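J.: Got a structure here, written out as structure tokens. Questions coming.
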Amino acid sequence: MLAYIEKIKEISRRLLQEGNVDMVIGFRRGTVPMMNEPCFVKTPEDVDNLVWDSNCGINLANYLTNRQEKIGIVAKGCDSRNIVTHIIENKIKRDQLVIIGVPCKGMIDRHKIQAMFETEIEHVTELDDKITIKGVGFEKTLEKKDVLQDNCALCIHRNPVIHDELVGDLVDEQKNIDRYKDIRNIETLSPEEKWRYFDNLLSACIRCYACRNACPLCYCPTCFVDESRPQWVGKSIDPIDIRTFHFLRAYHCAGRCTDCGSCERACPMGIKVRLFTKKLEKDCLELFDWEAGMTLEKRPPLDTYRPDDPDDFIK
Amino acid sequence: MGIEPGRLHFSWISSAESTKFVDVVNDVTAGVKALGPNKTFLKTEAKVA
Amino acid sequence: MSHWEPKIVSFLCNWCSYGAADLAGVSRMEYPPNIRVIRIPCTGRMSAKFILAAFRQGADGVWVSG
């Protein structure tokens with residue numbers, strides 16, 4: 001990790017000094033533990049703010065839409081796939097970007113860690129695969145693999161798919177991962193059971209839209225939840241409104257979501273919102289043999305028509 | 001997502017197939033009738049006291 | 001509830017099913033009166049929003065036809 005930081009700084013400094021980019025988007029230390037925040041570095045002097053550790057779960061591709069300047073961007077595997085999606089969707093041009101690829105070994109889940117302790121966590125440090133948590137009156141060391149974000153534990157694309165620079169050697173991809181166990185369980189439920197399951201799942205939702213704001217795919221100028229004529233979704237925390245929001249958001253992400261986990265990470269209530277997007281990810285894989293953001297060459301399944309597209313649902 | 005599959009139908013009918021149209025209307029109506037009223041995915045307006 | 005009849009919101013493509021519905025009418029065919037037809041310019045105009053909006057506002061069924 002430390003080696004990554006030095007390398008990120010070195011590359012960023014060089015890019016800024018040579019004038020290849022107008023800014024570098026990376027991470028700096030956040031004001032609270034486990035919450036590194038995005039950072040826009042515009043001068044070589046500010047490069048020292050940049051950091052890298054296991055708290056960089058935010059998807060930086062979120063900050064690329066409709067930008068005109070030349071940008072260097074620090075990208076994990078999932079970020080790089082979202083950058084590909086952005087390029088395909090014409091939200092940014094490939095030649096505007098210098099992608100600083102970071103082979104990633106997963107990010108830690110702040111919800112999981114906070115849940116283990118009753119009082120506030122004040123310091124989190126990591127060394128290799130150990131995470132040390134400190135607060136008033138306690139100190140505990142955890143294995144990183146036990147506190148990974150759920151999506152990172154299931155990740156099969158840790159290395160960036162496109163990059164111009166690389167901060168370290170590529171890491172081994174995880175093999176034989178069963179990504180969709182939880183989704184299959186839900187699929188076997190009857191409609192009534194599903195209804196109850198989702199009621200339960202979403203009962204904590206306060207409609208803050210943090211999941212939407214954290215998502216790199218959600219760049220619509222006016223989100224459907226904010227439209228008022230016609231009003232698709234009410235503004236209240238009515239259960240039907242909440243459900244409508246989550247289902248429609250998931251459908252908007254179909255064939256585009258890379259399971260970066262930003263939505264779940266951002267959720268202040270700890271709702272497993274990835275269950276929705278992952279169901280559609282599974283469908284895209286099974287029906288169209290598609291994984292989002294893996295290539296610039298192919299169009300996504302939902303904006304192309306092929307005569308052999310599945311149509312069993314049509315009478 | 002908790003809506004019974006039989007509530008939502010898709011079909012493809014050419015503009016010349018009026019008989020198929022009638023058949024499908026019959027099927028869809030029968031299917032929905034069998035399920036009874038939609039009670040779940042329904043936005044209830046806030047009750048005014 | 002013995003008089004309950006379902007309300008089915010039907011989204012029909014202008015060029016296909018809407019034409020078929022028109023032809024069925026011109027040919028004096030009989031079909032159940034439960035459908036409420038909404039003509040859309042093409043099934044490509046269809047959106048998941050429409051389906052959920054129909055259910056939210058009390059539809060018992062939704063039928064999309066191209």
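The values are calculated or read from the model by the stated rules, or taken from the named source; none is laboratory data. What you see is a predicted model; the values in this text were computed from it and never measured. Neighbour counts are summed over all protein chains in view; Cβ atoms, including those assigned to glycine, are modelled from backbone coordinates with ideal geometry. Heads up: the accessible areas ignore ligands, DNA and RNA and are worked out on the full protein's heavy atoms, side chains in. Shrake-Rupley method; radii C 1.70, N 1.55, O 1.52, S 1.80 Å.
J.: Just give me the residues in region C:11-38 being farther than 21 Å from B:LYS39 by Cβ and polar (S, T, N, Q), in sequence order.
T.: As a first pass, look at region C:11-38 and keep what is farther than 21 Å from B:LYS39 by Cβ: C:11-33, C:37-38.
Correct list: C:ASN14, C:SER17, C:SER27.
J.: Within region A:226-254, take every residue that is over 17 Å from B:LEU42 (Cα atoms) and touching a residue at least 12 places away in the same chain (Cβ under 8 Å) and give me the one that is surrounded by the fewest Cβ atoms within 10 Å (Cβ to Cβ).
T.: A:TYR251
J.: Would you mind stating whether C:SER65 is in contact with a Leu (Cβ under 6 Å, 6 or more places away or on another chain) and at the interface with another protein chain (Cβ under 7 Å from one of its Cβ atoms)? Write out each step before concluding.
T.: Values: in contact with a Leu (Cβ under 6 Å, 6 or more places away or on another chain): yes; at the interface with another protein chain (Cβ under 7 Å from one of its Cβ atoms): yes.
Considered against the rule, which asks whether it is in contact with a Leu (Cβ under 6 Å, 6 or more places away or on another chain) and at the interface with another protein chain (Cβ under 7 Å from one of its Cβ atoms), C:SER65 comes out as yes.
J.: If I go through region A:97-116 residue by residue, how many of them are open to solvent by less than 30 Å² (accessible area, probe 1.4 Å) and over 18 Å from A:CYS267 (Cβ atoms)? So that I can check it myself, show each step before the final result.
T.: Looking only at region A:97-116, we keep the residues that are open to solvent by less than 30 Å² (accessible area, probe 1.4 Å), and these are A:97-104, A:106-109, A:113.
The next check asks that each one be over 18 Å from A:CYS267 (Cβ atoms); those that pass are A:97-104, A:106.
Within region A:97-116, residues that are open to solvent by less than 30 Å² (accessible area, probe 1.4 Å) and over 18 Å from A:CYS267 (Cβ atoms) number 9.
J.: Where in region A:93-200 are the strands (runs of 3 or more DSSP E), entirely inside, with at least 1 residues that are aromatic (Phe, Trp, Tyr) and free of Cβ contacts under 8 Å to residues at least 24 places away in the same chain? Don't jump to the end; show me each part of the working.
T.: On the way: elements: A:97-101, A:121-127, A:130-135, A:138-143.
Here the list reads A:138-143.
J.: Going by what's in this entry, would C:PHE50 be described as at pLDDT 90 or above, outside any loop (DSSP other than H, G, I, E, B) and more than 9 Å from chain B (Cβ to nearest Cβ)?
T.: In short, yes.
J.: If you don't mind, another one. Does any residue of region A:255-270 turn out to be surrounded by fewer than 18 Cβ atoms within 10 Å (Cβ to Cβ) and either closer than 17 Å to C:LYS49 by Cα or not small (Gly, Ala, Ser) (or both)? Outline the logic, then answer.
T.: So the first thing to find is which residues in region A:255-270 are surrounded by fewer than 18 Cβ atoms within 10 Å (Cβ to Cβ), and the list is A:268-270.
Add one more test, that the residue is either closer than 17 Å to C:LYS49 by Cα or not small (Gly, Ala, Ser) (or both), and what stays is A:268-269.
The answer is yes, given that some residue of region A:255-270 is surrounded by fewer than 18 Cβ atoms within 10 Å (Cβ to Cβ) and either closer than 17 Å to C:LYS49 by Cα or not small (Gly, Ala, Ser) (or both).
J.: Within region B:1-28, restricting attention to residues that are part of a helix (DSSP H, G or I), under 30 Å from A:HIS246 (Cα atoms) and more than 7 Å from chain C (Cβ to nearest Cβ), which residue is farthest from the chain's Cα centre (by Cα)? Give the derivation first.
T.: Within region B:1-28, the first condition is being part of a helix (DSSP H, G or I), and the residues that meet it are B:5-7, B:18-28.
Applying the additional criterion that residues be under 30 Å from A:HIS246 (Cα atoms) yields B:5-7, B:28.
Subsequent filtering for residues that are more than 7 Å from chain C (Cβ to nearest Cβ) retains B:5-6.
Numbers: B:PRO5: 10, B:GLY6: 7 Å.
The selected residue is B:PRO5.
J.: Here is a follow-up. Please state which one of A:TYR180, A:TYR197 is among the aromatic types (Phe, Trp, Tyr) and open to solvent by 80 Å² or more (accessible area, probe 1.4 Å).
T.: Details: A:TYR180 fails: open to solvent by 80 Å² or more (accessible area, probe 1.4 Å).
One residue alone meets the criteria, A:TYR197.
J.: Scan region C:20-54 for residues that are more than 13 Å from the chain's Cα centre (by Cα) and either small (Gly, Ala, Ser) or within 19 Å of B:GLU4 (Cβ to Cβ) (or both) and jot them down.
T.: Correct list: C:ALA24, C:GLY25, C:SER27, C:GLY44, C:SER47, C:ALA48, C:LEU52, C:ALA53.
J.: So, one more: Is it fair to say A:VAL136 is farther than 30 Å from A:SER12 by Cβ and either open to solvent by less than 80 Å² (accessible area, probe 1.4 Å) or at pLDDT below 95 (or both)? Working first, answer last.
T.: Values: farther than 30 Å from A:SER12 by Cβ: yes; either open to solvent by less than 80 Å² (accessible area, probe 1.4 Å) or at pLDDT below 95 (or both): yes.
So A:VAL136 passes the test.
J.: Also: Starting from region B:29-49, take each residue that is closer than 21 Å to A:PHE247 by Cα and within 8 Å of chain C (Cβ to nearest Cβ) and list its partners that are open to solvent by 90 Å² or more (accessible area, probe 1.4 Å) and at pLDDT below 90, counting only C-beta distances under 7 angstrom and pairs at least six apart or across chains.
T.: B:LYS43/C:GLN57
J.: Out of all the residues in region A:80-91, is one or more basic (Lys, Arg), under 23 Å from A:VAL24 (Cβ atoms) and crowded, with 17+ Cβ neighbours inside 10 Å?
T.: Keep residues of region A:80-91 that are basic (Lys, Arg), which gives A:81, A:91.
Those left that are additionally under 23 Å from A:VAL24 (Cβ atoms): A:81, A:91.
Filter once more, keeping what is crowded, with 17+ Cβ neighbours inside 10 Å: A:81, A:91.
Yes: region A:80-91 contains one or more residues that are basic (Lys, Arg), under 23 Å from A:VAL24 (Cβ atoms) and crowded, with 17+ Cβ neighbours inside 10 Å.
J.: So which of C:ALA24, C:ALA59 is more than 21 Å from B:GLU17 (Cβ to Cβ) and either open to solvent by 20 Å² or more (accessible area, probe 1.4 Å) or at the interface with another protein chain (Cβ under 9 Å from one of its Cβ atoms) (or both)? Break it down stepwise before answering.
T.: Values: C:ALA24 fails: more than 21 Å from B:GLU17 (Cβ to Cβ).
Only one candidate passes the filter, namely C:ALA59.
J.: Looking at A:ARG299, A:ARG306 in this structure, which one is farther than 25 Å from C:PHE55 by Cα, over 16 Å from the mean Cα position of the chain (by Cα) and free of Cβ contacts under 8 Å to residues at least 12 places away in the same chain?
T.: Working: A:ARG299 fails: free of Cβ contacts under 8 Å to residues at least 12 places away in the same chain.
Answer to the selection: A:ARG306.
J.: Pick from A:CYS263, A:CYS257: which is more than 14 Å from every other protein chain (Cβ to nearest Cβ), within 21 Å of A:ASN62 (Cα to Cα), touching a helix residue (DSSP H, G or I) at 6+ places or on another chain (Cβ under 7 Å) and in a helix (DSSP H, G or I)? Step through it out loud before you land on a result.
T.: Details: A:CYS257 fails: in a helix (DSSP H, G or I).
Only one candidate passes the filter, namely A:CYS263.
J.: Is it the case, given these coordinates, that A:ARG13 is open to solvent by 30 Å² or more (accessible area, probe 1.4 Å), more than 30 Å from A:PRO221 (Cβ to Cβ), among the basic types (Lys, Arg) and in contact (Cβ under 8 Å) with a residue 24 or more places away in the chain? Lay out the reasoning, then the answer.
T.: On the way: open to solvent by 30 Å² or more (accessible area, probe 1.4 Å): yes; more than 30 Å from A:PRO221 (Cβ to Cβ): yes; among the basic types (Lys, Arg): yes; in contact (Cβ under 8 Å) with a residue 24 or more places away in the chain: yes.
So A:ARG13 fits the description; yes.
J.: So which residues in region A:269-315 are modelled with pLDDT of 90 or more, assigned to a loop (DSSP other than H, G, I, E, B) and among the aromatic types (Phe, Trp, Tyr)?
T.: A:TRP290
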